[in-house]
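Have a look at the structure below before the remarks.
The values are calculated or read from the model by the stated rules, or taken from the named source; none is laboratory data. As the structure is a computational prediction, the values presented were derived from the model and not from experiment. Because the Cβ atoms are built from the backbone with ideal geometry, glycine has one as well, and the counts that use them run over all protein chains shown. For accessibility, only protein heavy atoms count, side chains too; no ligands or nucleic acids. Shrake-Rupley method; radii C 1.70, N 1.55, O 1.52, S 1.80 Å.
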Amino acid sequence: HRAAVSLSYPSPNFGERRGRGRVELVVLHYTAMPSCADALERLCDPAAEVSAHYLIDADGTVLSLVDEGARAWHAGAGDWGGAGDVNSRSIGIELANTGREPFAEPQMAALERLLAGVLERHELSPEAVIAHSDMAPDRKGDPGKRFDWRRLASQGLSVWPEAAEPGDFIADLRAFGYPDAAPEALQTAFRLRFRPWAEGPLDDMDRALAAGLRRIAVDAPRRDA
């Protein structure tokens, strides 16, 4: 892959990280806007009160909007791993995509290079990379069913569960990090990421993969508090 072009467009929409101020997660989004330029304008508009650390165009250009040490305003309400204020403990990456088309190859390649650096800098393991829909399943659906999570997992940049003995679907999702939400919302969020074209009621494959997620969580390296 050619080296991604990285440009700086500082957004005024940021603050100080609260609490321990340590990056524990990377949250992936799509912009759901017609163009990268439209998204950039919004993410840098003080009146919009939204931002992200990075915005990646379909051609692979990486736009740096907020320093990784600062708290960008990308995640909103929601939680992961039993804790809220995801903005204070995450890096937010926006992908220019309406949500209706596949993610372009140059964009995915640029994301992979960026993620590898973020995980290394913050000493994060692959399960730290999550979807916006994972942490806010009752109100968000990005980066959506067209995003290739399996591709990231194959490079150690996220996780993909192996089927295990089916168990308690909700309990297994909660053990992995999913928040307390309605079962229907959790099923939708889970399938968006791990079974994007599945339909119908909860089934044994859902339960088996959720059990695989619990196994990943149990085996995950622990960072000292």
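Nearest 0.05, what FRET efficiency do Glu120 and Arg146 give at R0 = 30 Å with Cβ-Cβ as r?
Working: r = 27 Å, r/R0 = 0.91.
Efficiency, from the Cβ-Cβ distance: 0.65.
In the context of the full protein assembly, Phe103 retains an accessible surface of approximately 30 Å², using a probe radius of 1.4 Å and ignoring ligands and nucleic acids.
Gyration tensor over the Cα atoms of region 162-225: the corresponding equivalent ellipsoid has semi-axes (square roots of 5 times the eigenvalues, largest first) of 21, 13, 10 Å. Compared with the direct C-alpha span, the chain from Thr98 to Asp59 gains 12.6 nm at full extension, assuming 0.36 nm per residue.
Would region 76-167 count as rounded, prolate or oblate if I go by the C-alpha gyration tensor, calling it rounded below 1.5 in a/c and otherwise prolate when a/b exceeds b/c, oblate otherwise? Judged from the Cα gyration tensor, region 76-167 comes out rounded (a/c under 1.5).
When each pair of different Cα atoms in the chain is counted once in the 1/r mean, what is the Kirkwood radius in angstroms, to one decimal? Don't skip to the end; give the middle numbers.
Working: mean 1/r = 0.0568 Å⁻¹.
Value: 17.6 Å, from the Cα pair sum.
Set Lys and Arg Cβ to +1 and Asp and Glu Cβ to -1, take the dipole of the chain about its Cα centre, and tell me which of Phe14, Leu152, Gly69 lies farthest positive. Positive-most Cα among the choices belongs to Gly69.
Which value, in debye to the nearest 20, describes the size of the charge dipole of the chain about its Cα centre when Lys and Arg Cβ atoms bear +1, Asp and Glu Cβ atoms bear -1, and nothing else is charged? Provide the component values of the computation, followed by the final result.
Numbers: 26 positive and 35 negative charges, 58 e Å.
Taking the Cα centre of the chain as origin, the dipole is about 280 debye.
Expressed in nm to one decimal, what extension gain is obtained for the pair Ala109 and Glu16 from 0.36 nm per residue of sequence separation less their Cα-Cα distance? Before the final figure, lay out each step's value.
Numbers: separation 93, 0.36 × 93 = 33.48 nm, distance 3.02 nm.
Using 0.36 nm per residue and subtracting the Cα-Cα distance, I get 30.5 nm.
Label-to-label distance, Gln155 versus Thr188, with points set 7 angstrom from Cα along the beta-carbon direction: 3.0 nm. Rolling a 1.4 Å probe over the protein heavy atoms gives the chain an accessible area of 47 Å² per residue. Using a probe of 1.4 Å, the accessible surface attributed to Thr31 totals some 20 Å² when neighbouring protein chains are kept in position.
Take every Cα-Cα pair in region 85-130 and report what % of them are more than 14 Å apart. In whole percent, the long-distance tail amounts to 58. Extending 7 Å from the Cα toward the beta-carbon at both Ala171 and Ala198 defines two label points whose distance is 1.9 nm. The eigenvalues of the Cα gyration tensor, multiplied by 5 and square-rooted, give region 54-124 an equivalent ellipsoid with semi-axes of 22, 15, 11 Å from largest to smallest.
If you take the Cα Rg of region 108-225 and divide it by 2.2 N^0.38 Å, with N the number of residues, what do you get? Don't jump to the answer; show the numbers that get you there.
Working: Rg = 14.0 Å, N = 118, 2.2 N^0.38 = 13.5 Å.
Cα Rg divided by the expected 2.2 N^0.38 Å: 1.03.
Please compute the contact order of the chain in relative form: average sequence separation of alpha-carbon pairs under 8 Å and at least six residues apart, divided by the residue count, as a percent.
Numbers: 447 pairs, mean separation 46.4, N = 225.
With pairs under 8 Å counted, the relative contact order is 21 percent.
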